[in-house]
Amino acid sequence: IYVPISAQAGYAQHYLNPVFVNSLQKIFIPGMPYRGNRFRIFEVDGESMEPTLKQGYHVISEIVDREYYHQIANYYVYVVVTIDRIMIKRLFFRENEFVAISDNDEFFPQFTIKLQDIKELWLVKRKLDWEMAPPKRFEIKV
């Protein structure tokens, strides 16, 4: 299920509504093992995770069940859904809260998120970016 930036505000409020979730576009990517309701594709919004994730990239994420929130892999990238927003951050678990860490930490300082404020937590498994490395010059030897 694909959650573009344009649907993210609605998703944060209606993520439990099956009618809303079923109205989101479903994408099949051949060769990818990520299928079913345990996975979502979220579009990256903003610059806080640059250079790892840039505006317009997409991340394929797997749901983390609430009973495992305290066992997350520290410093991995997660999609965090709260009642009023969706954010992509590295997380560090500490006594009933997460420290949210941006890769672009010079401009986006760390902050905490209380466990009870999280509606959904998704572990980022892959990123999809639309950039291609520029051509490389080679010495022609033949």
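Values computed for the structure shown
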item	result
Distance between the stretch 9-30 and the stretch 75-105 - C-alpha centres, whole angstrom	21 Å
Extension gain, Thr82 back to Arg137 (0.36 nm per residue minus Cα-Cα distance, nm)	15.1 nm
Average accessible surface area per residue within the chain, 1.4 Å rolling probe, Å²	65 Å²
Rounded FRET efficiency, nearest 0.05, which uses the C-beta distance separating Gln55 from Tyr34 and R0 of 22 Å	0.45
Net charge of Cβ neighbours under 9 Å - reference Ser61; Lys, Arg +1; Asp, Glu -1	+2
Protein-only accessible surface order, largest first, of Phe138, Phe108 at 1.4 Å	Phe138, Phe108
Probe 1.4 Å - accessible area at Tyr68, Å² to nearest ten	110 Å²
Sulfur and carbon atoms: percent of accessible area, the stretch 1-40 [1.4 Å]	60 percent
Ranked by how many other beta carbons lie within 10 Å on average, peptides 45-54, 17-26 from highest	45-54, 17-26
Net charge over other residues, Cβ less than 9 angstrom from the Cβ of Phe39 (K, R count +1; D, E count -1)	+3
R0 of 30 Å, Cβ-Cβ distance Asp105-His70: FRET efficiency to nearest 0.05	0.80
Degrees between helix 5-14 axis and first principal axis of the chain (Cα, 0 to 90, nearest 10)	20 degrees
The chain, dipole about Cα centre (Lys/Arg Cβ +1, Asp/Glu Cβ -1), debye to the nearest 20	580 debye
Relative contact order computed over the chain (Cα-Cα under 8 Å; 6+ residues apart), in percent	23 percent
Extreme residue, positive dipole direction of the chain, given options Tyr68, Leu128, Thr112 (C-beta unit charges)	Leu128
Cα-based Rg and Dmax for the chain, where Dmax is the largest Cα-Cα distance (Å)	16.9, 65
Distance in nm between pseudo-label sites at Glu97 and Ala9 (7 Å out along the Cβ direction from Cα)	2.8 nm
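The values are calculated or read from the model by the stated rules, or taken from the named source; none is laboratory data. The structure presented is a predicted model; accordingly, all values stated were derived computationally and were not measured. FYI the Cβ positions are ideal-geometry reconstructions off the backbone, even for glycines, and counts take in every protein chain you see. Remember, those area values only see protein heavy atoms, side chains included, never the ligands or the DNA or RNA. Shrake-Rupley method; radii C 1.70, N 1.55, O 1.52, S 1.80 Å.
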